[in-house]
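Enquirer: Can you read through this structure? Questions will come right after.
The values are calculated or read from the model by the stated rules, or taken from the named source; none is laboratory data. Everything quoted here is computed from the prediction, not taken from an experiment. Note: ideal-geometry Cβ built from the backbone for every residue, glycine included; neighbour counts use all protein chains shown. These area figures cover heavy atoms from the full protein model, side chains too; ligands, DNA and RNA do not enter into them. Shrake-Rupley method; radii C 1.70, N 1.55, O 1.52, S 1.80 Å.
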Amino acid sequence: MFNSSPHQRASNSVSNVMLQVVYAAIPGAAALFYFFGWGVIFNLITCISFCLVSEALTLKLRSQPTAAALKDNSALVTAILLGLALPPLAPWWVAAIGSIFAIVFAKQLYGGMGYNPFNPAMCGYVLLLISFPVAMTAWLPPAPLAEQSASFTDSLSLFLTGRDLDGYYLDTYRYNADGFTMATPLDQLKTGYSMGFMNDELLSHPVFTDFAGVGWQWVNLAFLLGGIYLLARKIISWHIPVSMLIAMAVVSALMSLYDSGQTIGPIMHCFSGATMLGAFFIATDPVSASTTTKGRLIFGAGIGIFVVVIRNYGGYPDAVAFAVLLMNMAAPLIDHFTQPKVYGSPSKTPEVHD
Amino acid sequence: MNRGNDIIFHSSYQIHGGIHPPENKAQSNQSPIQDLPIPPQLVYPLLHNDRPLTPTVEVGERVLAGQIIADGKEATSANLHAGTSGIVSAIEEHSLPHPSSDKGQCLVITADGADEWAPRSALKSAFEQPREALLEHINQAGIAGLGGAVFPSHIKLASQVETLIVNAAECEPYITCDDRLMREQASELITAIELVLYLASAKQCVIGIEDNKPEAIAALEEAIQLRKKETDLDIRIGVVPTRYPSGGEKQLIELLTGQQVPQNQRPSALGLLVHNVATLYAIYQAIVLGQPLISRVVTLTGDAATKPGNYRVRLGTPINWLLEQTDTQPYERCVMGGPMMGFELKDLSAPVVKATNCIIAAGKNELSEPSQALACIRCGECADACPASLLPQQLYWFSRAKDFEKTRDYNLFDCIECGACAWVCPSHIPLVQYYRFAKTEIRAQDEEKRKADAARKRHEFRTMRLERDKKERAERHKKAAEKRKNAAQSKGEVDEKKATVADAIARARAKKKAAKDSSS
Ligand code: SF4
Ligand code: SF4
């Protein structure tokens, strides 16, 4: 066997990179669990099982080595990202269908790891959102606001059968303490705007007692924490998350200037919904993102702009998945036009750093 | 360039990319350079940069140390000298120190133990000699770039430049031969620098060195200061951060000057000349000591080396002799060169050559095993690390798909094969291997095309010539025919003339006769 130079390597590997992503998701997952209960865990377990099994089976069908591919942990990451994005206590088959679609269609049919143009988890998520809009938007209220929260056994029963042990449907648990059905803060605002309410009236709702919505802001801060860990470990580079967040803040600030009464403000945008999960965990998926430095900045900014625009004008409450998929489509083109200047190629002026 | 009165300056320019592999230099840079005993047999590949050398001695002949034993007919090769006195015992196939571990023609000298030297011819008062004399002296001494490229020095030195850059970066992990040389032979190196400055009519010299060699920097500074007391010299030390591959020629130039060598051009395009420390020392030896290039400093290191350090080794010394003499323990693998750009030696009877700067006798788990490469995840780590600002993953993609046109578009030939991309790749893809493959294929295709073109030209020429011959022949035939016709015609005319003349004569005769008749 011929060994080519270099004869040493950095001690990184795909499986370790992926594992770090899993670790970094722990604070966010914990926050979700704290505020939304057992459903989060059930979703994760279901997604992980279905993703790994689908991955193994499709690899078998494609007669590819199974063990090595599973060890790269990429299916695990897809499973966790999808699991974290699903509403807790949605029926189990929602998670199952999403997982199978993500792995089989969005990943393996394109050739498997490294060849998929779209982020598999987001493909699965969007498929579910389009197919089961009701189940996919039925978020529970965060624990401090909920009138009653489901016990472990009730949760399990709801998850598996759609009813709790006493035969009540999920909707029972979606009431706030004030007796209204719960929507996510973003949902609440959008519905409010469409009914003609203004920000001052809407933001007085208990959901918004803190700076970006009870529960949700903590979930976002937890994902931000995980994101900072990823940055510190150099698992991801800053370009995509930072450009995405800045784009979101700038665009939403401009829109607020234009119409302060009925647009979502920058803080709410950045710390609500799937923003931080999207910025640090989803948009940074290397396979489907842009690879050049300049390209990453454009890619991230594009996602940020789409998120704000779709959240404000689109028909769905959140927009991260759509925005990511849209920019996935643009990534090859962005890469093509942002190739770095090769050493010694003409019109290069020296970089001076002092 | 940062101008200041101090000898040492810290450059503020940067290169794109680069990596920080573990340095692993402390194992071998602690002790002074030692002489390695001369082996019983010295082996000289009759090759320089893959180009054949012609032996100038015959089997059975006795040679002296420093005597030329082979010379390069080609412009890109350099003379080869006997490393010690002895008998030329064979010219035969022998393992080459080459990534392919092929065998090739080698000249073998069996040492006689006397180590008797051919008369050494130092160049007296070199600074008063014409440049040509110095160049010829360097040419005769067989000096070639000892940093690894082994390009003949006298050719490189023939160009006139503004600035000499001494490549003292020694950025590759493990290797410390230049470091030791600078610590121990600083003033000799300064003399060599002065010689080269004179040769290249250069005004100034900058020694580019990584900041992980404080002892070498101090030694050089002292030597420069000392020399400055005697003469007016512009030699400065440009310290660059330790970061692989700062010692790449183009990278070092950018680090020190902020300028990039234009694509497909040489540093002389920027008025620069770059020489490596070991090469300069060889120039010193040749001109001042009259000693051709017959030895070099080689770093022996690696976990299996019980006596790691730097050794002055006669060229032609088999690697296994070096390992034996230094009690090197059983090793897992043996690499010639550094871990980033070196190659694995399969056959240790291969000799030390001019390009050999380091031997790593690696212990268990010291070098990474080739592992199962995974698919590229497009993480872009490789592009971030590439000092040439290439897109390694695209090059990999296209090389693998054998889309060689595209690899060219993506500037494959600007790749310096430094291995930074492969070092960082989390999918453990042997990227450099793909680039070498693509380059070889493209070169082969180009060669093929050149040959085909030449053949087509030849064919066209031949057809043209045949055509022309045919035309000429036809022309000749036509001309000949015409000539014949003309000849025939003129013959006719002559006949006519003859007839007329005959008529006239006859008529005259008749007249005469008539007159006669009438008169009589
Ligand atoms: S470092 Fe390896 S996996 Fe990452 S983009 Fe480059 S080639 Fe692909
Ligand atoms: S080996 Fe070539 S492509 Fe890879 S980092 Fe070095 S110059 Fe760039």
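Enquirer: Is at least one residue of segment B:173-188 within 30 Å of A:GLN8 (Cβ to Cβ), away from every other protein chain (no Cβ under 14 Å), touching a Gly at 6+ places or on another chain (Cβ under 8 Å) and not in a helix (DSSP H, G or I)?
Expert: Scanning segment B:173-188 turns up no residue that is within 30 Å of A:GLN8 (Cβ to Cβ), away from every other protein chain (no Cβ under 14 Å), touching a Gly at 6+ places or on another chain (Cβ under 8 Å) and not in a helix (DSSP H, G or I).
Enquirer: Same structure again: Hey, among the residues in segment A:1-22 that are surrounded by 23 or more Cβ atoms within 10 Å (Cβ to Cβ) and β-branched (Val, Ile, Thr), which one's farthest from the other protein chains (Cβ to nearest Cβ)?
Expert: In this case the residue turns out to be A:VAL21.
Enquirer: Sticking with this one: Scan segment B:227-262 for residues that are free of Cβ contacts under 8 Å to residues at least 24 places away in the same chain and of a type in the set (A, V, I, L, M) and jot them down.
Expert: Passing the criteria: only B:VAL261.
Enquirer: Before we move on, is A:ILE228 under 18 Å from the mean Cα position of the chain (by Cα) and open to solvent by 30 Å² or more (accessible area, probe 1.4 Å)?
Expert: Against the criterion (under 18 Å from the mean Cα position of the chain (by Cα) and open to solvent by 30 Å² or more (accessible area, probe 1.4 Å)), A:ILE228 qualifies.
Enquirer: Within segment B:412-433, is there a residue that is under 25 Å from the mean Cα position of the chain (by Cα), open to solvent by 50 Å² or more (accessible area, probe 1.4 Å) and more than 11 Å from ligand 2 (Cβ to nearest atom)?
Expert: no
Enquirer: Can you spot a residue in segment B:333-347 that is in contact (Cβ under 8 Å) with a residue 24 or more places away in the chain and within 16 Å of ligand 1 (Cβ to nearest atom)?
Expert: Yes - at least one qualifying residue is present in segment B:333-347.
Enquirer: Taking the residues in segment A:23-52 that are at pLDDT 95 or above and surrounded by fewer than 17 Cβ atoms within 10 Å (Cβ to Cβ) as candidates, determine which candidate is farthest from the chain's Cα centre (by Cα).
Expert: A:SER49
Enquirer: If you scan segment B:134-160, which residues turn out to be open to solvent by 10 Å² or more (accessible area, probe 1.4 Å) and among the hydrophobic types (A, V, I, L, M, F, W, C)?
Expert: Within segment B:134-160, B:LEU135, B:ALA149, B:VAL150, B:PHE151, B:ILE155, B:ALA158 qualify.
Enquirer: For the structure I just gave you, tell me whether B:ALA111 is open to solvent by 70 Å² or more (accessible area, probe 1.4 Å), small (Gly, Ala, Ser) and either out of contact with any Asp or Glu (no Cβ under 9 Å at 6 or more places or on another chain) or closer than 30 Å to B:VAL335 by Cβ (or both).
Expert: no
Enquirer: So which residues in segment B:318-362 are open to solvent by less than 10 Å² (accessible area, probe 1.4 Å), small (Gly, Ala, Ser) and more than 11 Å from chain A (Cβ to nearest Cβ), if there are any at all?
Expert: Residues satisfying the conditions are B:ALA350, B:ALA361.
Enquirer: Hey, another quick one. Given the condition within 20 Å of B:PRO39 (Cβ to Cβ) and of a type outside the set (Gly, Ala, Ser), answer yes or no: does some residue in segment B:136-152 qualify?
Expert: no
Enquirer: Something else: In segment A:110-126, which residue that is at pLDDT 90 or above and of a type in the set (A, V, I, L, M, F, W, C) is farthest from A:THR78 (Cα to Cα)?
Expert: This residue is A:VAL126.
Enquirer: Looking only at segment B:77-134, count how many residues are within 24 Å of B:HIS48 (Cβ to Cβ) and free of Cβ contacts under 8 Å to residues at least 12 places away in the same chain.
Expert: 5
Enquirer: Return a yes/no flag: does segment B:161-180 have any residue that is free of Cβ contacts under 8 Å to residues at least 60 places away in the same chain and either in contact with a His (Cβ under 6 Å, 6 or more places away or on another chain) or open to solvent by 10 Å² or more (accessible area, probe 1.4 Å) (or both).
Expert: no
Enquirer: Are any of the residues in segment B:444-457 touching a helix residue (DSSP H, G or I) at 6+ places or on another chain (Cβ under 8 Å) and either facing chain A (nearest Cβ under 10 Å) or buried (at least 17 other Cβ atoms within 10 Å of the Cβ) (or both)?
Expert: Within segment B:444-457, none of the residues are touching a helix residue (DSSP H, G or I) at 6+ places or on another chain (Cβ under 8 Å) and either facing chain A (nearest Cβ under 10 Å) or buried (at least 17 other Cβ atoms within 10 Å of the Cβ) (or both).
Enquirer: Here's a follow-up. Select from segment A:144-175 the residues that are touching a Lys or Arg at 6+ places or on another chain (Cβ under 8 Å) and modelled with pLDDT of 75 or more and list them in ascending order.
Expert: A:SER157
Enquirer: Taking the residues in segment B:386-412 that are more than 10 Å from every other protein chain (Cβ to nearest Cβ) and in contact with a Lys or Arg (Cβ under 8 Å, 6 or more places away or on another chain) as candidates, determine which candidate is farthest from ligand 1 (Cβ to nearest atom).
Expert: Ranking the qualifying residues of segment B:386-412, first place goes to B:LEU412.
Enquirer: Out of all the residues in segment B:434-443, which are open to solvent by 30 Å² or more (accessible area, probe 1.4 Å) and either within 14 Å of ligand 2 (Cβ to nearest atom) or of a type in the set (A, V, I, L, M, F, W, C) (or both)?
Expert: B:TYR434, B:ARG436, B:PHE437
Enquirer: Would you check which residues across segment A:55-101 are open to solvent by less than 20 Å² (accessible area, probe 1.4 Å) and part of a loop (DSSP other than H, G, I, E, B) and list them?
Expert: A:ASP72, A:LEU86, A:PRO87, A:PRO88, A:LEU89, A:ALA90
Enquirer: Suppose the filter is more than 11 Å from ligand 2 (Cβ to nearest atom), open to solvent by less than 60 Å² (accessible area, probe 1.4 Å), out of contact with any Lys or Arg (no Cβ under 8 Å at 6 or more places or on another chain) and small (Gly, Ala, Ser); does B:ALA383 pass it?
Expert: Criteria not met by B:ALA383.
Enquirer: Right, something else. Out of the residues in segment A:103-117 that are closer than 22 Å to A:THR291 by Cβ and touching a Cys at 6+ places or on another chain (Cβ under 8 Å), state the one that is surrounded by the most Cβ atoms within 10 Å (Cβ to Cβ).
Expert: The selected residue is A:ALA106.
Enquirer: Report, by residue number, each residue of segment B:255-310 that is on the phi > 0 side of the Ramachandran plot and within 14 Å of chain A (Cβ to nearest Cβ).
Expert: Answer for segment B:255-310, where residues must be on the phi > 0 side of the Ramachandran plot and within 14 Å of chain A (Cβ to nearest Cβ): B:GLY258, B:ASN264, B:GLY302.
Enquirer: Just to be sure, is B:ALA444 within 16 Å of ligand 1 (Cβ to nearest atom) and either over 20 Å from the mean Cα position of the chain (by Cα) or part of a helix (DSSP H, G or I) (or both)?
Expert: Here the answer is no, as B:ALA444 does not meet what is asked.
Enquirer: Moving on to the next point. Output yes when any residue across segment B:310-317 is away from ligand 2 (no atom under 16 Å from the Cβ), under 29 Å from the mean Cα position of the chain (by Cα) and open to solvent by 30 Å² or more (accessible area, probe 1.4 Å), and no when none is.
Expert: Yes.
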